[in-house]
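What follows is a set of notes on a single structure, which appears directly below.
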Amino acid sequence: MTQIYVCRKCRKRYSLEEFRQSHFCRDCGTYLTARTVTSTSHSRRTATTRAETEESASGDQWLPKGYEVREGQVKFIEEAAKALENRQVFVGSAPCGIGKSLASLLSVLPRLGENKLLISFRTRSQLHIFLKELKGLEQPPLTVSFFSKQDMCPLRMKTGGSYFDFLEECRRLKENCETGTKPFCQFYWNMTKKKRQAEELALDCARKILDPKEAVQRMAKSGFCAYEALKRVLGKVQIFLGTYNYTFNPPVRKALLQSWGVDLSDVYLIVDEAHNIPAFARELLSDRMAPNTVENALKETENFEHKNLGEVQDYLNVLDKNIFPQIQKGLGNLNLKLLDPQDVADRFLEWSGASSEEAAETLHEYGESVRERRQELGSDKIFSYAHRVGDFMENFFQRVGKQYVHLIRKDWGDRVYLEVKSLDGREITDPVLRQARGSIVMSGFLSPPKVYRDLILRSPKDVYLREFDSPFPAENRLILAAGDVSSRFEKRTDSMLKKWAEYVEAISAANEGNMAVFFTSYNLMDSILSHIDVDRRMIVEKRRTKRSEVMDNLSGSRRNVLFGVMGGKFSEGMDYPNNLLTCVVTVGLPYATWSVYQRALISYFDSQFPGRGRDYAYLTPAIFRLVQACGRVHRSAEDKGCIVMLDERITRPDIRQLLPSYYQKEMRIVANSMECGENIADFWETHRKL
Ligand code: SF4
């Protein structure tokens, strides 16, 4: 008996050696299937033994029945598998249609063995795509998926405090189950009484690959806490899907690995929608606090005695009566201002007579005693505002150095916050991605991938960087950029607004099917709208506009034009199936609002990537929002349509090189609105003839 590899489509056969070089048919690109054939020769027997070992790594046993791996997936799997083999972090930009979720699974599963797979997602729709792919596999491994504990708690406890306070409350309710004290958690109590039944049910959820909501419903129906029950069977589970916190938040990850019974080096990672990671990691290292937290902490001191009560009140009063008002005064009419933490610490010392470290420690100590006291009193909420103030002081005064900025911010509701913001999340992301057994970091929009690589990893060493082209036929799209309009502030004259309006009118007249026009801001949208006259139903995005209403309108007729903003709910994360949109027009370049924070970010990135600070901090996020909006047209290989970017800056080499490579290749520059309309009319004319 020996092992060969056969193409299920054209029946071509491959040896083990050939299979090792590529898992796909050289002629038609189909994924190869292992077959055993009879043979008596010794050499073939030897090959069989080796082949049997290889079979488990071939991956064919995972493929869904009758599923033909797509061309883009073939490339993805081959390259990601190669990166994992070479212990490199795979960073891939894979546009819509590649099928990257299944491809990433097929890159890891054949080599999983005794190891584990942690899939990190940000949105629920990403989670459901992975769950669907996993359910479709031939032999799906035991899989669980988690939201946060609070989101999975059937008691829906609202502690009124931080997430930490919720965890404390949960811990207390569980402890009360052990001691038989009230109040206790009925769901947890049931688990202690019917341990085996709870674990059986949890394993069944893992076999059925239920999403967290389904698992919570199923377990709660039998009286159990899904979070705790699933955690208990983690040791038997091979795949864990969780929000970014489970991967990147150090204490959360530590707890997960402990329950799973593995080290990070035993875990493969797949991180989806990775364009979010730099901001997510920076957020983990940031903190902010409003004055009302200090006010609540002061009220707390009226109810809870402590040996250091006088000092605690002094520190809180200094924050409430001196620090906040004085800093707020310095803010004047601004919304954001940089602070020097040393200056704030000096002022605190001057007014309170204590250093910020001493004060934070005292507040923590007091906060602990408040929590204990609340617990003794059987309070519904186990938390302490003073403890929270202590946390913030620690973060604000200890997170210093060039990778942090300290700010005072006023939000749109005139609320004021003190903030410490991280400018660099690599201290969070780099060690995780490198210490894991293998990491696949991917997104549909890593444009340009190099920038995202640099924002999550400290060095390009041992990184496999790959940008895939769109798998959709190039002839189904027309990409245009206008060479005579710009949203640069000094060029936003009345005549520029009219020019934009002329473009929208020309495109509207030439385009076949629904179109959307996305602006850089609501202000710009309102200014241009008054100049636009089109023979279509105009749907204008407002804060309260419902997605379902818009979809109903678009489905009911092909003569709609949707007006919205880039970065808004209609230009990102919204799917327009069945070619509901045949044209997207973007007006301007959606830069972030210019602020001292943006300046600090640019200057920090300049220090890290000399001469590239603006690209990394300012341009790349703008390109992301732009490409997201443009990406609403082509959602499947059959979708046809036009993308028109109305800003001449996009045509300049420094900005053009940040666009996805297929945009750079295919983009045509038009000199005016008439030429733009003609190009669009020609595009549809050609498609009518096909
Ligand atoms: S044990 Fe489960 S059900 Fe009980 S409080 Fe904690 S999370 Fe909620």
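Loop-only check: which trypsin sites (Lys or Arg not before Pro) in the range 266-330 are DSSP coil with at most 11 other Cβ within 10 angstrom?
Numbers: sites: Arg282, Arg288, Lys299, Lys307, Lys321, Lys329; in loops: Lys307.
Sparse-neighbourhood loop trypsin sites (Lys or Arg not before Pro): Lys307.
Say each of Ser222 and Glu114 gets a label point 7 Å from the Cα, pointing the same way as Cα to Cβ; how far apart are those two points in nm?
About 3.0 nm, to one decimal.
Magnitude of the Cβ-charge dipole of the range 464-564, K/R +1 and D/E -1, about the Cα centre, nearest 20 debye? Present the calculation step by step, with values, prior to reporting the outcome.
Values: 16 positive and 15 negative charges, 85 e Å.
The dipole of the range 464-564 has a size of about 400 debye.
Using the heavy atoms of the protein chains and a 1.4 angstrom probe, tell me the accessible area per residue for the range 474-689 in square angstrom. Present the calculation step by step, with values, prior to reporting the outcome.
Values: 9170 Å² over 216 residues.
Spelled out: the 1.4 Å probe surface of the range 474-689, per residue, equals 42 Å².
Give the shape of the range 490-583 as rounded, prolate or oblate, defined through the alpha-carbon gyration tensor: a ≥ b ≥ c are the square roots of its eigenvalues, a/c under 1.5 means rounded, and otherwise the shape is prolate if a/b is larger than b/c and oblate if not.
Working: a/c = 2.11, a/b = 1.38, b/c = 1.53.
Since a/c reaches 1.5 but b/c is at least a/b, the shape of the range 490-583 is classed as oblate.
Between Arg288 and Met538, what length in nm is gained on full extension when 0.36 nm per residue of separation is reduced by their alpha carbon distance? Mind showing how you got there, number by number?
Values: separation 250, 0.36 × 250 = 90.00 nm, distance 4.08 nm.
In short, 85.9 nm is gained.
Taking square-rooted eigenvalues a ≥ b ≥ c of the alpha carbon gyration tensor, is the range 394-486 rounded, prolate or oblate, where a/c under 1.5 means rounded and, failing that, a/b exceeding b/c means prolate? Each step should come with its number before you reach the end.
On the way: a/c = 3.03, a/b = 1.34, b/c = 2.26.
Oblate.
Going down the list Lys208/Lys461; Lys182/Lys208; Lys149/Lys221; Lys174/Lys236, which pairs span over 28 Å between their C-alpha atoms? Each step should come with its number before you reach the end.
Details: Lys208/Lys461 40 Å; Lys182/Lys208 35 Å; Lys149/Lys221 18 Å; Lys174/Lys236 24 Å.
Correct reply: Lys208/Lys461; Lys182/Lys208.
Evaluate E = 1/(1 + (r/R0)^6) for Arg171 and Ser661, where r is the Cβ-Cβ distance and R0 equals 56 Å; express this FRET efficiency to the nearest 0.05. Intermediate results must be reported in sequence, preceding the final value.
On the way: r = 51 Å, r/R0 = 0.91.
Approximately 0.65, to the nearest 0.05.
What distance in nm separates the two pseudo spin-label positions at Asn308 and Gln435, each 7 Å out from Cα along the beta-carbon direction?
In this crude label model, Asn308 to Gln435 measures out at 3.1 nm.
Under 18 Å from the Cα of Lys337, which aspartates and glutamates turn up, not counting those fewer than eight places away in the same chain?
Correct list for Lys337: Asp287, Asp411, Asp414, Glu419.
Hey, can you grab everything whose amide H is under 5 Å from the amide H of Ile119? Only 5+ residues off in sequence or another chain; H modelled, so Pro and N-termini drop out.
Phe240, Leu241, Gly242, Ile270
Would you mind checking which residues have amide H under 5 Å from Gly588's amide H? H placed 1.01 Å from N; only 5 or more apart, or other chain.
Sorted by chain and number, the residues that satisfy this are Leu646, Asp647.
With a cut-off of at most 15 other beta carbons within 10 Å, and DSSP calling the residue loop, which GluC sites (Glu not before Pro) in the range 619-690 qualify? Please list them.
Taking the range 619-690 and a limit of 15 other Cβ atoms within 10 Å, the loop GluC sites (Glu not before Pro) found are Glu638.
List, in order, the whole-Hz ³J(HN,Hα) value for each residue of the range 226-242 obtained from phi through the Karplus relation with A = 6.51, B = -1.76, C = 1.60 and θ = phi - 60°; use x for Gly and Pro.
Those phi angles translate into 4, 4, 5, 5, 5, 4, 5, 9, 3, x, 8, 8, 9, 10, 10, 10, x Hz.
Quote the FRET efficiency, to the nearest 0.05, computed for Ala671 versus Ala474 with a Förster distance R0 of 22 Å and r equal to the Cβ-Cβ distance. Numbers along the way, then the final one.
On the way: r = 23 Å, r/R0 = 1.05.
My answer for the efficiency is 0.45.
Starting from the Cα of Lys450, draw a straight line to each of the aspartates and glutamates and keep only those under 19 Å, dropping any in the same chain fewer than 8 residues away.
Glu79, Asp272, Glu273, Asp424, Glu427, Asp430, Asp462, Glu467, Asp469, Asp606, Asp615, Asp654
Which ³J(HN,Hα) values, rounded to whole Hz and listed in residue order, are derived for the range 101-108 from phi using the Karplus coefficients 6.51, -1.76 and 1.60 in 6.51 cos²θ - 1.76 cosθ + 1.60 with θ = phi - 60°, glycine and proline given as x?
Ordered by residue, 3J(HN,Hα) equals 5, 5, 4, 5, 5, 6, 6, 9 Hz.
So if we plug the beta-carbon distance of Ser595 and Lys65 into 1/(1 + (r/R0)^6) with R0 = 41 Å, what FRET efficiency do we get, rounded to 0.05?
It comes out at approximately 0.15.
How much accessible area per residue does the range 288-398 have, counting only protein heavy atoms and a probe of 1.4 Å, in square angstrom?
Working: 5620 Å² over 111 residues.
Computed with neighbouring chains in place, this is 51 Å² per residue.
Does the chain come out rounded, prolate or oblate, given a ≥ b ≥ c as the square roots of the eigenvalues of its C-alpha gyration tensor, rounded meaning a/c under 1.5 and, failing that, prolate meaning a/b above b/c? It would help to have the intermediate numbers written out before the result.
On the way: a/c = 1.89, a/b = 1.12, b/c = 1.69.
Oblate.
List, in order, the whole-Hz ³J(HN,Hα) value for each residue of the range 341-350 obtained from phi through the Karplus relation with A = 6.51, B = -1.76, C = 1.60 and θ = phi - 60°; use x for Gly and Pro.
Here the 3J(HN,Hα) series is x, 5, 5, 5, 5, 4, 5, 4, 4, 4 Hz.
Roughly how many nanometres apart are two label points built 7 Å out from the Cα toward the Cβ at Asp263 and Asp414?
It works out to 5.7 nm between the two label points.
What length, rounded to one decimal in nm, is gained on full extension from Glu572 through to Arg232, with 0.36 nm per residue of separation minus their alpha-carbon distance?
Numbers: separation 340, 0.36 × 340 = 122.40 nm, distance 3.76 nm.
Value of the extension gain: 118.6 nm.
Of all accessible surface on the chain at a 1.4 Å probe, what whole percent is carbon and sulfur? It would help to have the intermediate numbers written out before the result.
On the way: 14640 of 30750 Å².
The computed percentage sits at 48.
Stretched out fully, how many nm does the piece from Lys689 to Thr179 gain, at 0.36 nm a residue minus the Cα gap?
175.7 nm
Amide H to amide H under 5 Å from Tyr464: which residues, 5+ apart in sequence or cross-chain, H placed 1.01 Å off N in plane?
Distant-sequence amide H within range of Tyr464: Val89, Phe90, Val91.
Which value at 222 nm does the chain reach when only helices count, each DSSP H run of 4 or more adding -39,500 (n - 2.57), with the total divided by all residues and rounded to the nearest 500 deg cm²/dmol?
-14000 deg cm²/dmol, from helical runs alone.
Using only alpha carbon pairs under 8 Å that are at least six residues apart, calculate the relative contact order of the chain and give it in whole percent. Don't skip to the answer; put the middle values down first.
Numbers: 1201 pairs, mean separation 98.7, N = 690.
In percent, rounded to a whole number, it is 14.
Would you work out the relative contact order for the range 288-398, in percent, from Cα pairs under 8 angstrom that are 6 or more residues apart? Show your work: numbers first, answer last.
Values: 110 pairs, mean separation 38.5, N = 111.
Once divided by the residue count of the range 288-398, the mean separation gives 35 percent.
My understanding is that a pair violates if its Cα-Cα distance is over 24 Å; which of Lys299/Lys321; Lys100/Lys640; Lys100/Lys421; Lys640/Lys665; Lys231/Lys254; Lys100/Lys254 do that in this structure?
Values: Lys299/Lys321 14 Å; Lys100/Lys640 22 Å; Lys100/Lys421 33 Å; Lys640/Lys665 18 Å; Lys231/Lys254 13 Å; Lys100/Lys254 28 Å.
Flagged as over cut-off: Lys100/Lys421; Lys100/Lys254.
Return the aspartates and glutamates within reach of Lys213: Cα separation strictly under 13 angstrom, same-chain partners fewer than 8 residues apart disregarded; answer none if there are no such residues.
Result set, ordered by chain and number: Asp151.
When the dipole is taken about the Cα centre of the chain, and only Lys, Arg (+1) and Asp, Glu (-1) are charged at their Cβ, what size is it in debye, to the nearest 20? Each step should come with its number before you reach the end.
Details: 101 positive and 91 negative charges, 448 e Å.
That gives the chain a dipole magnitude of about 2160 debye.
Given Tyr576, Met393, Val670, which one lies farthest toward the positive end of the charge dipole of the chain, if we put +1 on the Cβ of every Lys and Arg and -1 on the Cβ of every Asp and Glu?
Result: Tyr576, furthest along the dipole toward the positive end.
The values are calculated or read from the model by the stated rules, or taken from the named source; none is laboratory data. These numbers come from a predicted model, not from an experiment. Neighbour counts run over all protein chains shown; Cβ positions are idealised from the backbone, glycine included. Quick note on the areas: whole protein, heavy atoms, side chains included, nothing else; ligands and nucleic acids left out. Shrake-Rupley method; radii C 1.70, N 1.55, O 1.52, S 1.80 Å.
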